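Asks: Take a look at this one; I'll ask things after.
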Amino acid sequence: MVKTDSTDYYIDLVNFSKKENAYKDCLNYSQKAIDFAILSKNPEKIAKSYATLGETFLELKKYDDAIGAFEKSIASYDKLPQSTEQAYCNYYIGVCYMQKYNFKTAETYFNKAFKIFDSLKIQNAIDLLNLQKAIIYKQKGEINLANSIFLDLVSRQDSINQESVQSEAYYQIGITEIENYRYNLAINYLKRALKANRNNLDQKAAIVLALSEAYEKSGDINNSFIFLKKHLQLNDSILYDIHTKIGVKDLNSFKNSETLKQIEQLDKEKKSYEKEQKFSKIVLILSISLVIILTFLSTILYKNNIIRRRSNKLLQEKNLELQIAKENAEKASKARADFLSTVSHELRTPLNAINGITHLLLEDKPKKSQLSYLNSLKFSGNYLLNFINEILEINRIDSNKIEIEYIDFNLKKLLLDIKSSMNEIATSNQNKFVLDFDENIPETLKGDTTKLSQIFINLINNALKFTKNGQVKVIAKLVESTSEFSKISFAIKDTGIGIPKEKQESIFDSFSQGSIEINRKYGGTGLGLTIVKKLVDLLDGVICLESEIGVGTTFYVELKLLNSTEKIVTEKPVYYSDEILIGKKILVVEDNKINQMVTKKMLEKKGILCEIIESGEASIEILTKENDYDLVLMDVHLPGINGTDATVKIREFDQKKPIIALTAISLNENRETLLSFGMNDVITKPFDPDNLYRAIATNLL
């Protein structure tokens, strides 16, 4: 006959009772398991019994009681070799402290758990820990680092906890998007979180509430009310579930009985101690002294609490004043952003016509006497477009409408490509252009290549522009390397005209270019370095400069870039010939008469058959009846139904037809948002004809 261990027997009864939702029995059986484990003096059984009790308290949301039980479990596990059970106890304590909003203590226990899981090579548990660490990073304000971990977690497909981890990661990204006023993206991520969620009612209730908030702020009150109602229903279900698991009376009864058992155990130990040591009087005196000290300390704490309450009330009043001031500043900032967005759009639309007509006139073989005028007109149009783009870029950064991407890339290749693209500028000024790259820099990094390119192109372009018959040198050097990131220092050195000392402090201000004479001689808007400074700040980097008149200037940039182990697959460029465009039938949805004429002329020059309509409603109607168009060019800003809404409607009955957005893009728009509506590509007005033809050809391949 096989003898059954009493501790394991009662632990099995605990697990069975949980399935039956009999949590009162769970607590009683947990206590019996602890009693038999203590009787056997087996550290492993003691640890296992207390861990079982801690898990029961955690499910009942009694976080302080759960922490106490898990700490006793860890005290026994510390006497044994490292194990997954020991790691999970530390993890659960971290979860409890997260629920109590004590993120610093939670992070300490998560780090302990991580060391054990890492030494035991348990990847699934590490995913859970990375999720919690990312949430802590987010609470500490390290949003970029947190988002990179969340995005990595949602991309993993090999985790046992995949659904719960992905659901929470999508939820956290959605909350960040709400805070950044990107409500459409927030709704997309939150819906993914809801889809990944299975049986976690608490998590589901939080997701549904966030969806209600996102819909409300996006102006969709109907959906906001629907999800708010769902949240209230889930909340009622959760409260009912907690109350049905165990009553307050039963829980207090268990805790009192547990306390009595502890007192009885202490009494036995005390009697044994008295018999052996004969120090009962000393123990009594020390106990009385301890009570007196504790009473004294309690009095001090009580007085401190009164002082703290008063201080908190004063802080709340000050916070309210600051909140009002913050809201006023945000309203002013929004008004400025809306004004610039409108002005940008209104300037881009006629500028598209100017640049387009100029291109068409140049293509029609003008007279020599007309050629210089047309080239001047083209130069002026491009200059004005660049000026508008730079003003819009600065205000996009200031208004938090810009997002940071994390893409795997090769830094050396990025710098070599930039160098290659700017060799012509270097040659025109007879400059020697050198790249000095530290080979210790990891081959693959993770970061925002678009913003990095903007930084380097602006700095290198300035260096080449203000240097003649000299040298421009770009230096990349590894400063610090960890398992998570690489700190890299960049220096852009030139032997140009230099910057006066009195101008160096204001060189990053808007429209600052050293002097009026320099502006007239070298041209430029004076906004390039302003954009560089704002982008470096956005990437949590540092920028500074050294300069001497007649000797040259050096700009130093220091950035932290995340390490990556991904292999970069170099995509081959897509080549096309004009033959692919001949005979293709394209529907152009555009309400501006001049832009209609310009776009039609450009398309017909390549042998494209073109039909023009003026509204989103008309595009939906014609595509439901006729489906022989090869591609649609859809203006975003249309009277009535706009281009994005029209695209959503078209996608309900046609998923394949290429739709390219034509937009005088504003502060509130970006490529990712437009693509999320079902568009295949985006062309910004005023558009370069070659870019237009390339985009059409690429989407027709």
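Asks: Do the conditions hold for K567, that is, is it touching a residue at least 60 places away in the same chain (Cβ under 8 Å), surrounded by 15 or more Cβ atoms within 10 Å (Cβ to Cβ), out of contact with any Phe, Trp or Tyr (no Cβ under 6 Å at 6 or more places or on another chain) and not aliphatic (A, V, I, L, M)?
Replies: In short, no.
Asks: Are there any pairs, at least 6 apart or on different chains, whose C-beta atoms fall under 8 Å, with the first in the range 58-82 and touching a residue at least 40 places away in the same chain (Cβ under 8 Å) and the second in a helix (DSSP H, G or I) and surrounded by 19 or more Cβ atoms within 10 Å (Cβ to Cβ), and if so, which?
Replies: Filtered contacts from the range 58-82: E59/Y23; E59/K245; L60/Y23; L60/K245; D65/F57.
Asks: Would you tally the residues in the range 447-468 being touching a Gly at 6+ places or on another chain (Cβ under 6 Å) and of a type outside the set (F, W, Y)?
Replies: Qualifying residue count, the range 447-468: 2.
Asks: May I ask you to say which residue of Y29, Y23, Y77, Y50 is farther than 21 Å from I116 by Cβ, modelled with pLDDT of 85 or more, in contact with a helix residue (DSSP H, G or I) (Cβ under 6 Å, 6 or more places away or on another chain) and crowded, with 18+ Cβ neighbours inside 10 Å?
Replies: Details: Y23 fails: modelled with pLDDT of 85 or more; Y77 fails: farther than 21 Å from I116 by Cβ; Y50 fails: farther than 21 Å from I116 by Cβ.
Criteria check complete, one pass: Y29.
Asks: Hey, among the residues in the range 185-241 that are farther than 28 Å from T673 by Cβ and of a type in the set (K, R), which one's surrounded by the fewest Cβ atoms within 10 Å (Cβ to Cβ)?
Replies: R198
Asks: If I go through the range 449-496 residue by residue, how many of them are polar (S, T, N, Q), surrounded by 15 or more Cβ atoms within 10 Å (Cβ to Cβ) and under 20 Å from S420 (Cβ atoms)?
Replies: Matching residues across the range 449-496 total 8.
Asks: Starting from residues that are among the hydrophobic types (A, V, I, L, M, F, W, C) and under 24 Å from the mean Cα position of the chain (by Cα), keep the ones in the range 422-477 and report whichever is nearest to V532 (Cα to Cα).
Replies: The initial filter retains those residues of the range 422-477 that are among the hydrophobic types (A, V, I, L, M, F, W, C), namely 422, 425-426, 433-435, 437, 441, 445, 452, 455-457, 459-460, 463-464, 466, 472, 474-476.
From what's left, under 24 Å from the mean Cα position of the chain (by Cα): 445, 452, 455-456.
On the way: L445: 21, L452: 9, I455: 5, F456: 8 Å.
Per the stated criteria, the residue is I455.
Asks: Does the range 100-120 include one or more residues that are more than 22 Å from S49 (Cβ to Cβ) and small (G, A, S)?
Replies: Looking through the range 100-120, at least one residue is more than 22 Å from S49 (Cβ to Cβ) and small (G, A, S).
Asks: Output the residues belonging to the range 658-701 that are small (G, A, S), over 30 Å from R192 (Cβ atoms) and part of a helix (DSSP H, G or I).
Replies: Here is the first cut: in the range 658-701, the residues small (G, A, S) are 661, 664, 666, 676, 678, 695, 697.
Those still in the list that are over 30 Å from R192 (Cβ atoms) too: 664, 697.
If the condition is that a residue be small (G, A, S), over 30 Å from R192 (Cβ atoms) and part of a helix (DSSP H, G or I), then A697 is the only one that fits.
Asks: Something else about it: Identify the single condition in (1) part of a strand (DSSP E or B); (2) within 30 Å of N147 (Cα to Cα) that K473 does not satisfy, given that it satisfies every other one.
Replies: (2)
Asks: List every residue pair whose Cβ atoms lie under 6 Å apart, where the two residues are 6 or more positions apart in sequence or sit on different chains, the first residue falls within the range 201-226 and is not assigned by TED's automatic domain parsing to the domain that holds I175, and the second residue, located anywhere, is of a type in the set (K, R).
Replies: Close Cβ pairs satisfying both conditions: none exist.
Residues are listed down the side, and each one gets a yes or a no for (1) assigned to a helix (DSSP H, G or I); (2) among the aromatic types (F, W, Y); (3) at pLDDT 85 or above; (4) in contact with a Gly (Cβ under 8 Å, 6 or more places away or on another chain):
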{"site": "E107", "(1), (2), (3), (4)": "yes, no, yes, yes"}
{"site": "N111", "(1), (2), (3), (4)": "yes, no, yes, no"}
{"site": "K115", "(1), (2), (3), (4)": "yes, no, yes, no"}
{"site": "N130", "(1), (2), (3), (4)": "yes, no, no, no"}
{"site": "A134", "(1), (2), (3), (4)": "yes, no, no, no"}
{"site": "Y137", "(1), (2), (3), (4)": "yes, yes, no, no"}
{"site": "L151", "(1), (2), (3), (4)": "yes, no, no, no"}
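Asks: I'm told N627 meets every condition in (1) among the polar types (S, T, N, Q); (2) surrounded by fewer than 20 Cβ atoms within 10 Å (Cβ to Cβ); (3) free of Cβ contacts under 8 Å to residues at least 40 places away in the same chain; (4) closer than 30 Å to L361 by Cβ except one. Can you identify the failing condition by its number?
Replies: N627 satisfies all of (1) among the polar types (S, T, N, Q); (2) surrounded by fewer than 20 Cβ atoms within 10 Å (Cβ to Cβ); (3) free of Cβ contacts under 8 Å to residues at least 40 places away in the same chain; (4) closer than 30 Å to L361 by Cβ except (4).
Okay, residues lined up against (1) more than 26 Å from E405 (Cα to Cα); (2) outside any helix (DSSP H, G or I):
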{"position": "A618", "(1), (2)": "yes, no"}
{"position": "T644", "(1), (2)": "no, no"}
{"position": "V648", "(1), (2)": "no, no"}
{"position": "K656", "(1), (2)": "yes, yes"}
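Asks: Another one. Restricting attention to the range 114-129, report how many residues are closer than 18 Å to K104 by Cβ and touching a helix residue (DSSP H, G or I) at 6+ places or on another chain (Cβ under 7 Å).
Replies: 2
Asks: For K606, only one of the following conditions fails: (1) touching a Leu at 6+ places or on another chain (Cβ under 7 Å); (2) farther than 15 Å from Y693 by Cα. What is its number?
Replies: Failed condition: (2).
Asks: Looking only at residues that are on the phi < 0 side of the Ramachandran plot and loosely packed, with under 15 Cβ neighbours inside 10 Å in the range 547-562, which one is nearest to the chain's Cα centre (by Cα)? Before the answer, list the steps.
Replies: The first filter runs over the range 547-562 and keeps only residues on the phi < 0 side of the Ramachandran plot, leaving 547-549, 551, 553-562.
Keeping just the survivors that are loosely packed, with under 15 Cβ neighbours inside 10 Å gives 548-549, 551.
On the way: E548: 41, I549: 43, V551: 43 Å.
Here the residue is E548.
Asks: Then there's this: Do we have F433 as closer than 30 Å to A146 by Cβ, modelled with pLDDT of 90 or more and surrounded by 14 or more Cβ atoms within 10 Å (Cβ to Cβ) here?
Replies: No: the conditions fail for F433.
The values are calculated or read from the model by the stated rules, or taken from the named source; none is laboratory data. Nothing here was measured: the structure is a model prediction, and the numbers come from that model. Glycine gets a Cβ as well: all are built from the backbone with ideal geometry, and neighbour counts include every protein chain shown.
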